[in-house]
Structures are given as structure tokens and as C-alpha cells.
1. How many nm separate the modelled label positions at residue 111 and residue 85, each set 7 Å beyond the Cα in the direction of the Cβ?
2. Taking the mean number of other Cβ atoms within 10 Å as a proxy for protection, how do you rank 56-67, 142-153, 15-26 from highest to lowest?
3. When the chain is treated as a GNM, springs tying every alpha-carbon pair under 10 Å, which of 165, 157, 190 comes out with the largest mean-square fluctuation?
4. From a point 7 Å beyond the Cα of residue 146 in the direction of its Cβ, which residues of region 34-54 have a backbone N at a distance under 17 Å?
5. Taking the chain as a Gaussian network, where each spring joins two C-alpha atoms under 10 Å apart, which residue of 35, 128, 154 fluctuates the most?
6. Between helix 130-141 and the chain, what is the angle of the helix's C-alpha long axis to the longest principal axis, kept within 0 to 90° and rounded to the nearest 10?
7. Pairs of alpha-carbon atoms within less than 8 angstrom and 6+ residues apart define the contacts here; what relative contact order does the chain have, in percent?
8. Using only Cα atoms and rounding to the nearest 10 degrees, what angle (0 to 90) does helix 183-196 make with the longest principal axis of the chain?
């Protein structure tokens with residue numbers, strides 16, 4: 001895909017203190033998604049909750065026209081002027097991974113109700129032919145029964161500034177996402193991909209869709 005045509009993605013993968021979980025969900029559902037989608041260049045936002053054990057049970061995805069949206073004055077202004085409700089929830093979020101990058105691969109049509117993901121570490125991503133082979137496997141996967149969509153997010157470390165106190169800066173890694181109509185199918189195919197890269201299959205986590213908001 002031409003880099004100029006690749007969409008951008010902001011991924012927030014986090015845990016939240018159980019004591020504040022209800023307020024966290026209210027904030028996401030009543031303010032934060034709407035606020036972000038209103039920024040010029042943002043196309044849509046999606047929320048997910050984990051299926052089964054997961055160190056970060058909440059996932060939010062924000063799709064943009066391109067990665068340049070995250071360098072725009074409008075986004076920089078919004079990022080530098082968070083609401084009081086946002087700042088309070090940032091304090092409560094735990095183990096947060098914030099990735100901003102480009103979707104170097106998007107295959108399939110629509111969006112699946114089930115999503116499985118895993119992280120490809122920077123050292124593996126930089127190995128010869130790994131990107132090419134991974135993109136081909138993800139492309140081939142979309143022809144399988146129940147698979148709706150596959151994506152590869154390549155992280156831009158410079159744009160992935162942490163927003164929570166305990167978060168570490170993101171490396172230039174990648175996030176593989178497999179979407180399907182059935183959670184077990186998405187998870188199984190993601191595990192096979194993960195294992196093919198020499199990564200532990202238990203590093204794959206599954207999510208169910210909560211809701212979507214478009215601009």
C-alpha cells in the first residue's frame with residue numbers, strides 16, 4: 001500500500017483500578033470517544049473489553065486519515081489541553097500501552113465483533129523479510145472462514161508519548177490484529193501467527209467489541 005494512503009491509528013490498551021472502573025467507562029462512553037472523533041482527521045473510534053484473563057482488559061482504537069493527523073495543530077492542541085475528567089482517569093489507568101502509528105496493512109471488509117491481538121517486538125520486526133512474510137500471512141488469512149479483517153499497526157515511537165505516570169515509552173514495535181465473527185477463530189489464527197514468529201502463543205489476547213463511533 002502507498003504510504004500516503006495508509007491510515008493512522010491510535011491504540012490505547014490499559015487496565016483500570018477496579019474501584020474506578022465505572023467512572024472510567026462513563027468517561028470513555030460519554031466524553032472521550034466523542035471528543036477525539038471531533039478532531040479533524042479522525043474517522044472513527046472503537047472500544048473493546050477483554051475475553052478471558054488479560055493484563056490490560058480495555059482497548060480503544062482511533063482511526064485517522066493518516067499518521068499526519070497526529071502531527072496536526074488540532075491534535076496537538078487537544079492532547080495538550082485534556083479535560084479534568086480525562087486527567088483524573090489518566091491517574092487511575094494502570095500498565096497502559098499507548099501506540100500511535102500507521103496501518104501498513106488493512107485487509108478484509110467491515111469490522112469483526114471479535115478481535116485477537118499480539119505485539120511483535122522491535123527486534124523481531126527488524127529481521128529480514130519479517131514484515132513481508134507477516135503481511136502476506138495476514139492477507140491470506142482473510143480468505144479463511146469467519147475472518148473479517150486483519151491489520152498491522154507499525155508503531156511510531158516518537159509519536160507514542162505516554163499519558164499515564166507508570167507507562168513506559170513505546171518502542172518501534174508492531175501490533176497484529178485479527179478480527180472475526182467468532183472469538184475462538186480470531187484467537188486461534190492469531191496464536192498460529194504468533195507462534196510462527198517464535199513468540200509465545202499465550203501472548204495473544206482476545207477482545208469483544210463494545211461500541212463504535214464515526215465522525
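1. Going from the residue 111 label point to the residue 85 one covers 2.0 nm.
2. With the highest mean Cβ count within 10 Å placed first, the list reads 56-67, 142-153, 15-26.
3. 165
4. 51-52
5. Of 35, 128, 154, the Gaussian network model singles out 128 as fluctuating most.
6. Computed tilt is about 80 degrees.
7. 28
8. Once rounded, one gets 70 degrees.
Every read-out reported here was derived from the displayed coordinates using simple, explicitly stated rules and does not represent laboratory data. The shown structure was predicted, so the numbers you read here are calculated from the model rather than taken from an experiment. Heads up, the Cβs are rebuilt from the backbone with ideal geometry, glycines too, and the neighbour counts pull from every protein chain shown.
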